[in-house]
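Colleague: Supplied in structure tokens, the structure appears directly below.
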Amino acid sequence: MSRPLEGIRVLEVASWMFIPAAGAVLADWGADVIKVEHPETGDPQRGLVTSGLLPGGADGVNFMMEQPNRSKRSVAIDLAHPEGRAAFLRLVEEADVVITNYLPAAIAKLGIGVDELRAANPRVIVARGTGQGSKGPDAERGGYDAASYWARGGVGVSMPDSDGWPPGQPTPAFGDVVGGLATAGAIAAALLRRERTGEPSVVEVSLLATAMWQVSPMVIAAKLYGFDKIAGQGRSMSPNVGVGTYRTADGRHLMMMLLQSDRHWADFVTRLGLPEMATDERFATDAARQAHHAECLELLDAAFASHPMSHWREAFADFAGVWSPFQTLNELYEDPQVVANGYLPTMTAANGSQVALVASPAQFDGEPVRVERCPEHGEHTELALIEAGFSWDELAVLKDAGAIG
């Protein structure tokens with residue numbers, strides 16, 4: 001089956017993770033994504049391994065570059081060079097979408113704003129990712145996800161704090177990948193609109209807006225009920241003992257999500273080895289369990305703590321209620337659902353290493369996502385420009401002038 005965006009060409013003028021992640025999703029969906037990079041510096045994320053900010057092992061594979069830039073082509077063009085800018089605008093003529101996370105001042109200096117792009121191609125869709133949005137006093141300021149998404153957008157204080165400190169962002173690019181997914185979805189909607197009406201859109205997605213959407217129930221509740229953040233609370237304060245985290249004998253944890261606790265209670269406690277709790281009047285109903293919460297939780301804690309995680313995986317394997325172990329990152333590679341659905345497709349890196357990447361979450365027509373390696377810096381410069389109508393002689397002149405790499 002063809003992927004839904006095959007035949008769509010995207011020019012990506014972006015670095016780091018947020019907007020490149022959007023490009024990766026569009027590439028997963030079949031678009032031809034051309035990453036425009038400076039001939040000398042390229043995307044600064046390429047340098048994280050050599051700078052020591054990423055481990056240099058694993059055969060030197062830069063996973064922070066591979067994940068958001070898989071299946072793209074790389075063209076090395078100096079947009080600050082007049083001839084380089086002209087070459088870029090030739091590419092724009094054949095593009096459907098231009099995506100960028102450059103700041104307004106850089107866009108204006110390079111002459112690649114909406115007006116300039118539309119002069120080259122009146123039908124081109126322009127998508128821009130920002131830290132805080134395109135309006136307001138901080139519209140000109142940059143943003144990384146740890147600041148604009150995690151800290152400013154309310155995600156950090158939506159996690160229970162510890163000793164009065166909000167928790168640190170749990171993983172690099174935590175908000176970038178969500179913002180990239182939102183941007184890709186918005187671009188798909190803009191493509192549909194253009195197909196139906198002929199009108200191209202200007203799409204804008206910010207990390208701040210993405211964060212607020214992520215925690216939107218709590219943002220609304222905070223205003224209604226007068227609180228500023230999610231207060232830390234012990235497990236004993238949860239009214240439903242069927243919803244929460246339990247520790248196993250080997251120090252692992254699992255999450256039970258029995259929102260309809262009466263429906264699953266008898267089977268749940270039987271699998272725990274406590275069948276008597278199904279008929280004990282203190283625990284037989286949700287109301288009774290709330291009235292005897294401490295006693296109930298103590299018995300459940302002791303039961304879970306009596307066996308290792310392997311025991312509970314087997315005991316609850318066919319349980320009708322919803323539950324899950326807290327998996328390690330490496331356990332994801334063996335998760336039968338991950339394997340069956342192709343959520344970790346493999347590509348061959350430039351150095352020949354086989355590397356699994358994480359698929360974007362949408363699948364079409366039952367087909368798993370296919371990925372190819374991240375391109376080498378400027379790997380497709382000549383090919384992409386030849387496709388745009390340049391002759392080899394013209395390319396030689398551009399290269400001699402330093403306009404392309």
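Colleague: Residues in the stretch 364-377: is at least one surrounded by fewer than 18 Cβ atoms within 10 Å (Cβ to Cβ) and not in a loop (DSSP other than H, G, I, E, B)? Spell out how you get there, then give the answer.
Modeller: Let us first name the residues in the stretch 364-377 that are surrounded by fewer than 18 Cβ atoms within 10 Å (Cβ to Cβ), namely 364-368, 370, 372, 376.
Those still in the list that are not in a loop (DSSP other than H, G, I, E, B) too: 364, 367.
Yes, that holds for at least one residue.
Colleague: If you check LEU383, LEU357, which single one turns out to be buried (at least 18 other Cβ atoms within 10 Å of the Cβ), in the same structural domain as ALA22 (by TED's automatic domain parsing) and not hydroxyl-bearing (Ser, Thr, Tyr)? Let's see the steps before the verdict.
Modeller: Numbers: LEU383 fails: buried (at least 18 other Cβ atoms within 10 Å of the Cβ).
Exactly one of LEU383, LEU357 is buried (at least 18 other Cβ atoms within 10 Å of the Cβ), in the same structural domain as ALA22 (by TED's automatic domain parsing) and not hydroxyl-bearing (Ser, Thr, Tyr), namely LEU357.
Colleague: Additional query: Looking at the stretch 219-246 only, could you name the residues that are loosely packed, with under 14 Cβ neighbours inside 10 Å and either closer than 18 Å to GLU295 by Cα or at pLDDT 90 or above (or both)? If you could, list the steps in order and put the result at the bottom.
Modeller: Step one: of the stretch 219-246, the residues loosely packed, with under 14 Cβ neighbours inside 10 Å are 220-221, 223-228, 231-237, 239, 245.
Matches in the stretch 219-246: GLY234, ARG235, SER236, MET237, PRO239, THR245.
Yes/no matrix, rows are residues, columns are (1) surrounded by fewer than 21 Cβ atoms within 10 Å (Cβ to Cβ); (2) in a loop (DSSP other than H, G, I, E, B); (3) of a type in the set (A, V, I, L, M):
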residue: GLU140; (1), (2), (3): yes, yes, no
residue: THR171; (1), (2), (3): yes, yes, no
residue: VAL205; (1), (2), (3): no, no, yes
residue: ALA209; (1), (2), (3): yes, no, yes
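Colleague: Return the pairs, sorted by first residue and then second, in which the second residue is of a type in the set (Ser, Thr, Tyr) and modelled with pLDDT of 95 or more, the first residue lies in the stretch 176-196 and is farther than 19 Å from ALA209 by Cα and part of a helix (DSSP H, G or I), the beta carbons are less than 8 Å apart, and the residues are 6+ apart or on different chains.
Modeller: Between residues of the stretch 176-196 that are farther than 19 Å from ALA209 by Cα and part of a helix (DSSP H, G or I) and residues that are of a type in the set (Ser, Thr, Tyr) and modelled with pLDDT of 95 or more, the close pairs are ARG193/SER201; ARG194/SER201.
Colleague: Taking the residues in the stretch 8-30 that are touching a Lys or Arg at 6+ places or on another chain (Cβ under 7 Å) and touching a residue at least 40 places away in the same chain (Cβ under 8 Å) as candidates, determine which candidate is surrounded by the fewest Cβ atoms within 10 Å (Cβ to Cβ).
Modeller: In the first step, residues of the stretch 8-30 are kept if they are touching a Lys or Arg at 6+ places or on another chain (Cβ under 7 Å); the result is 12, 23-24, 27, 29-30.
Okay, now just the ones that are also touching a residue at least 40 places away in the same chain (Cβ under 8 Å), so 12, 23-24, 27, 29.
Numbers: GLU12: 30, GLY23: 29, ALA24: 30, ALA27: 28, TRP29: 20.
Of everything passing the filter in the stretch 8-30, TRP29 is surrounded by the fewest Cβ atoms within 10 Å (Cβ to Cβ).
Colleague: Here's a follow-up. With not assigned by TED's automatic domain parsing to the domain that holds ASN69 and not small (Gly, Ala, Ser) as the only criterion, which of LYS135, LYS229 stands out? Full working, then the answer.
Modeller: Numbers: LYS135 fails: not assigned by TED's automatic domain parsing to the domain that holds ASN69.
One residue alone meets the criteria, LYS229.
Colleague: A follow-up question, please. Restricting the search to the stretch 20-47, which residues are closer than 10 Å to ALA184 by Cβ and either among the small types (Gly, Ala, Ser) or part of a helix (DSSP H, G or I) (or both)? It would help to see each step written out before you state the result.
Modeller: Our first condition is that a residue be closer than 10 Å to ALA184 by Cβ; within the stretch 20-47, this holds for 21-29, 31.
The answer is ALA21, ALA22, GLY23, ALA24, VAL25, LEU26, ALA27, ASP28, ALA31.
Colleague: Counting just the residues of the stretch 22-59 that are among the acidic types (Asp, Glu) and modelled with pLDDT under 90, which one comes out farthest from ASP96 (Cα to Cα)?
Modeller: Within the stretch 22-59, the subset among the acidic types (Asp, Glu) is 28, 32, 37, 40, 43, 59.
Going one step further and asking which of them are modelled with pLDDT under 90, we end up with 40, 43, 59.
Values: GLU40: 27, ASP43: 22, ASP59: 36 Å.
Looking at the filtered set, the residue picked out is ASP59.
Colleague: Any residue in the stretch 144-166 that is more than 17 Å from the chain's Cα centre (by Cα), at pLDDT 85 or above and over 30 Å from PRO4 (Cβ atoms)?
Modeller: The answer is no; no qualifying residue exists.
Colleague: Within the stretch 324-339, take every residue that is surrounded by 10 or more Cβ atoms within 10 Å (Cβ to Cβ) and of a type in the set (A, V, I, L, M) and give me the one that is modelled with the lowest pLDDT.
Modeller: Among those residues, the one meeting the criterion is VAL338.
Colleague: Determine whether the stretch 60-67 contains at least one residue that is at pLDDT below 85, among the β-branched types (Val, Ile, Thr), buried (at least 16 other Cβ atoms within 10 Å of the Cβ) and in a loop (DSSP other than H, G, I, E, B).
Modeller: Yes, the stretch 60-67 has at least one match.
Here's the yes/no breakdown for (1) of a type in the set (A, V, I, L, M); (2) within 20 Å of PHE174 (Cα to Cα); (3) buried (at least 16 other Cβ atoms within 10 Å of the Cβ):
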position	(1), (2), (3)
ALA120	yes, no, yes
ILE125	yes, no, yes
GLY129	no, yes, yes
SER134	no, no, no
GLY143	no, yes, yes
ALA146	yes, yes, yes
TYR149	no, yes, yes
GLY153	no, yes, yes
SER158	no, yes, yes
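Colleague: Go through the stretch 294-319 and report how many residues are buried (at least 17 other Cβ atoms within 10 Å of the Cβ) and farther than 21 Å from ALA249 by Cβ.
Modeller: Number satisfying all stated conditions: 0.
Colleague: Is there a residue being closer than 21 Å to VAL241 by Cα and among the acidic types (Asp, Glu) anywhere in the stretch 318-335?
Modeller: Checking the stretch 318-335: at least one residue is closer than 21 Å to VAL241 by Cα and among the acidic types (Asp, Glu).
Colleague: Restricting the stretch 367-405 to residues that are of a type in the set (Gly, Ala, Ser) and touching a residue at least 60 places away in the same chain (Cβ under 8 Å), which is nearest to GLU83 (Cα to Cα)?
Modeller: Across the stretch 367-405, the extreme among qualifying residues is ALA403.
Colleague: Hey, another quick one. If THR197 satisfies every condition in (1) among the β-branched types (Val, Ile, Thr); (2) more than 13 Å from ILE19 (Cβ to Cβ); (3) in contact with a strand residue (DSSP E or B) (Cβ under 6 Å, 6 or more places away or on another chain) but one, which is the exception?
Modeller: All conditions pass for THR197, except number (3).
Colleague: Continuing with the same structure: With within 29 Å of VAL219 (Cα to Cα) and of a type in the set (A, V, I, L, M) as the only criterion, which of VAL98, VAL177 stands out? It would help to see each step written out before you state the result.
Modeller: Values: VAL98 fails: within 29 Å of VAL219 (Cα to Cα).
Answer to the check: VAL177.
Colleague: Considering only the stretch 179-198, I want to know if a residue exists there that is assigned by TED's automatic domain parsing to the domain that holds PRO82, in contact with a Lys or Arg (Cβ under 6 Å, 6 or more places away or on another chain), of a type outside the set (S, T, N, Q) and closer than 23 Å to PRO361 by Cβ. Don't jump to the end; show me each part of the working.
Modeller: Kept after step one, since they are assigned by TED's automatic domain parsing to the domain that holds PRO82, are these residues of the stretch 179-198: 179-198.
With in contact with a Lys or Arg (Cβ under 6 Å, 6 or more places away or on another chain) added as a condition, the list becomes none.
No, because not a single residue in the stretch 179-198 is assigned by TED's automatic domain parsing to the domain that holds PRO82, in contact with a Lys or Arg (Cβ under 6 Å, 6 or more places away or on another chain), of a type outside the set (S, T, N, Q) and closer than 23 Å to PRO361 by Cβ.
Colleague: Let me ask something else. State whether one or more residues within the stretch 159-167 are in a loop (DSSP other than H, G, I, E, B) and over 25 Å from LYS223 (Cβ atoms).
Modeller: Within the stretch 159-167, the first condition is being in a loop (DSSP other than H, G, I, E, B), and the residues that meet it are 159-161, 163-164, 166-167.
After this cut, where a residue has to be over 25 Å from LYS223 (Cβ atoms) as well, the list is 163.
Checked the stretch 159-167: at least one residue is in a loop (DSSP other than H, G, I, E, B) and over 25 Å from LYS223 (Cβ atoms).
The values are calculated or read from the model by the stated rules, or taken from the named source; none is laboratory data. If you're wondering where the values come from, they're calculated on a predicted model, not measured in any experiment. Using ideal geometry, Cβ is built from the backbone for each residue, glycine included, and neighbour counts are taken over all protein chains shown.
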